[in-house]
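I have placed the structure first, in the form of structure tokens, so that the comments after it can refer back to it.
The values are calculated or read from the model by the stated rules, or taken from the named source; none is laboratory data. Model, not experiment: these values are computed from the prediction. Reconstructed Cβ throughout: ideal geometry from the backbone, glycine too, with neighbour counts over all protein chains shown. These area figures cover heavy atoms from the full protein model, side chains too; ligands, DNA and RNA do not enter into them. Shrake-Rupley method; radii C 1.70, N 1.55, O 1.52, S 1.80 Å.
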Amino acid sequence: MRMKEMARRTGVHERLLRYYEQRGLLTPDRLPSGYRIYCESDVETVRRIRCLLAAGLPTALIAQVLPCIRADDEHLVPTCPDLLAQLRREGERITHAIEDLQASRAILDTIITAAPSGAPGR
């Protein structure tokens, strides 16, 4: 399928499909004219990429993860033992980022609560 059809089927803009290709996440075939041709399995690959991006993984790590996962019903399952350590580290990084955001939110809430009741925006 051509890029427009791939974009329609996955809901991913053509620019993102090109970006995924630049990052080594997708490798569509090329016609002599230069047009990209995607296969059916690329639709699932894009869904996996979107899932891993939503989980907070950077594209460099996704490039390493993609060959080491398989779909088991609706879940992604790692198939490379070395991958688990990387994913655990990434999970810890995300946990620390969440904790930092929660601390920032608490400070902001404290400041907002301390504002006089007649202050603008209250």
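Brief remarks on what is shown
- Residues of the stretch 57-85 that turn out to be outside any strand (DSSP E or B), within 19 Å of T27 (Cβ to Cβ), of a type in the set (A, V, I, L, M) and without any contact (Cβ under 8 Å) to a residue 24 or more places away in the chain, as a count: 1
- Here is the figure for the stretch 86-114: residues that are among the acidic types (D, E), open to solvent by 50 Å² or more (accessible area, probe 1.4 Å) and either closer than 15 Å to L57 by Cβ or not in a helix (DSSP H, G or I) (or both) total 1.
- Selection within the stretch 1-56 - part of a helix (DSSP H, G or I) and among the acidic types (D, E): E5, E14, E21, E40, D42, E44
- Of all residues making up the stretch 17-75, the number that are open to solvent by less than 70 Å² (accessible area, probe 1.4 Å) and of a type in the set (F, W, Y): 2
- Filtered residues of the stretch 4-15 (kept if without any contact (Cβ under 8 Å) to a residue 24 or more places away in the chain and open to solvent by less than 60 Å² (accessible area, probe 1.4 Å)): A7, E14
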